1. Please return the ranges of helices (runs of 4 or more DSSP H) entirely within segment 190-292 where 2 or more residues are crowded, with 24+ Cβ neighbours inside 10 Å, at pLDDT below 95 and touching a helix residue (DSSP H, G or I) at 6+ places or on another chain (Cβ under 8 Å).
2. Only residues that are loosely packed, with under 14 Cβ neighbours inside 10 Å and not β-branched (Val, Ile, Thr): list them for segment 38-57, please.
3. Quick one: in segment 86-119, of everything that is touching a helix residue (DSSP H, G or I) at 6+ places or on another chain (Cβ under 6 Å) and assigned to a loop (DSSP other than H, G, I, E, B), which residue is farthest from residue 246 (Cα to Cα)?
4. Counting only residues that are within 27 Å of residue 281 (Cβ to Cβ) and surrounded by fewer than 16 Cβ atoms within 10 Å (Cβ to Cβ), how many does segment 140-155 have?
5. For residue 158, which of the numbered conditions (1) crowded, with 17+ Cβ neighbours inside 10 Å; (2) assigned to a helix (DSSP H, G or I); (3) over 18 Å from the mean Cα position of the chain (by Cα) fails to hold?
6. Which one is surrounded by the most Cβ atoms within 10 Å (Cβ to Cβ), of the residues in segment 58-112 that are small (Gly, Ala, Ser), out of contact with any Lys or Arg (no Cβ under 8 Å at 6 or more places or on another chain) and farther than 30 Å from residue 29 by Cα?
7. Take segment 70-85 and flag every residue that is free of Cβ contacts under 8 Å to residues at least 24 places away in the same chain and assigned to a helix (DSSP H, G or I).
8. Outside the structural domain of residue 251 (by TED's automatic domain parsing) and over 20 Å from the mean Cα position of the chain (by Cα): does that describe residue 66?
Amino acid sequence: MKYWRGYLTAAILAAFTWVLIQMGQRYTTLVDMVYPYVTRSVQSFLTAWTGVVDFLVWQTAVVFLVIVLLATLVLVFIFRAKIVRWLGWALAAVMAVVLLHTGIYGLNVYSGPIEDDLRLHMVDYTQSELEAATVFYRDKAMELAEKITRDESGNPVYPTFEELAAITGDGYRTLARERSFSIFGGDYTPVKKLGWSGLYTSMGKTGVTVALTGESAVNPDIPCYALPFAMAHEMAHRLCIAREGEADFSAFLACAENESIEYQYSAYFMAYKFCHAALNSVDEDAAFAIDEQIQGNPLYNDINELGSFYAENHDEELTRLVATVTDTYNEATEAEAVTAGSVCDYLVNWHIDQYVAEEEVESKFDPFDETQVDLSGLVNNKTQTGEGGE
């Protein structure tokens, strides 16, 4: 029996994790009302401790745990112990981490949709509305691309990683305080540089947020104009916005509200890429026609450079392995599938709500607006006759 204690412990921990997940799925209203605010406080507390050092605490912990596992495995062979017993306790350690993560962060995937917090009315949009949004984000990105400081070769010249990270929270602060979007309130401690960046680059990963230490980190190797968006994305996760599509949309809003032109360009650059990819999946000709208009603009070179960066550093096998692990976790928690279209849905509806609807309201006929009414035929019209009653 003593050889199976590790497996029994792992099973108990797995059972507790399952119960938490079931409660999250069943009591979504309660989760939405309480859980995000509690976990946001926990993240702020953890960040206050880990934020005092420049290195990533979780990466140091991973190295330490790997060393411990290898050392204990060597001891198993030296003393000819039962490896099945070692495997049981190793599995129990993994399940303890999964349970802890689920308890202090993981249930955020069952909180209410972000559109409720943003008072954003979501509709099923048409292709023409998708095209209009794509053109809108393209034009904004083109305008900002020409304002970015560039070197003699036309490459963007951005501030350092640390300087960019220091102002990531400015956009979220504006959203929370000036636009009253409380979902964006929380800790704005700067994100850190992601260690082992080459490994993450090969997987196409721009950043990682680890809830167990309250640390958000971004890959410093990605092109500079993609850094602000990646930083804002990871900070959104630390603000307990767990779903990827919602974190992407939050990053767009935060970057767009930031006073830094580098952040604004990153916002509309990525928004255009998301919408263009979605349009390309349904109508390649329409997408090509829109994309063709950026030739001759610095945006064209930046998009090509970003694509080349990932193509040259991509590792297919490693990416497939990571995708398998991620899909397994999503299936286990029944989390919402993450696709490029999900963030596109928010971007298109945001364009409709903030720009198209506003234009319709402004152009709506108002019978009490004298500038919209022909008063020349009225007898008592002072404007035309200079006479009339008081």
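The values are calculated or read from the model by the stated rules, or taken from the named source; none is laboratory data. Since the model is a prediction, treat every value here as computed from it, not as a measurement. Heads up, the Cβs are rebuilt from the backbone with ideal geometry, glycines too, and the neighbour counts pull from every protein chain shown.
1. Details: elements: 197-202, 227-238, 244-257, 261-282, 284-292.
Ranges flagged: none.
2. Listed by number, the residues that qualify are 41, 45, 48, 49, 54, 55.
3. The extreme case among them is 105.
4. Selection size over segment 140-155: 1.
5. (2)
6. So in segment 58-112, the residues small (Gly, Ala, Ser) come out as 61, 71, 81, 88, 90, 92-93, 96, 103, 106, 111-112.
Now drop any that are not out of contact with any Lys or Arg (no Cβ under 8 Å at 6 or more places or on another chain), which leaves 61, 71, 81, 90, 92-93, 96, 103, 106, 111-112.
Subset that is farther than 30 Å from residue 29 by Cα: 61, 71, 81, 90, 92-93.
Details: 61: 13, 71: 10, 81: 14, 90: 16, 92: 19, 93: 17.
Once the filter is applied, the top-ranked residue is 92.
7. The first filter runs over segment 70-85 and keeps only residues free of Cβ contacts under 8 Å to residues at least 24 places away in the same chain, leaving 70-81, 83.
Selection gives 70, 71, 72, 73, 74, 75, 76, 77, 78, 83.
8. Details: outside the structural domain of residue 251 (by TED's automatic domain parsing): yes; over 20 Å from the mean Cα position of the chain (by Cα): yes.
Considered against the rule, which asks whether it is outside the structural domain of residue 251 (by TED's automatic domain parsing) and over 20 Å from the mean Cα position of the chain (by Cα), residue 66 comes out as yes.
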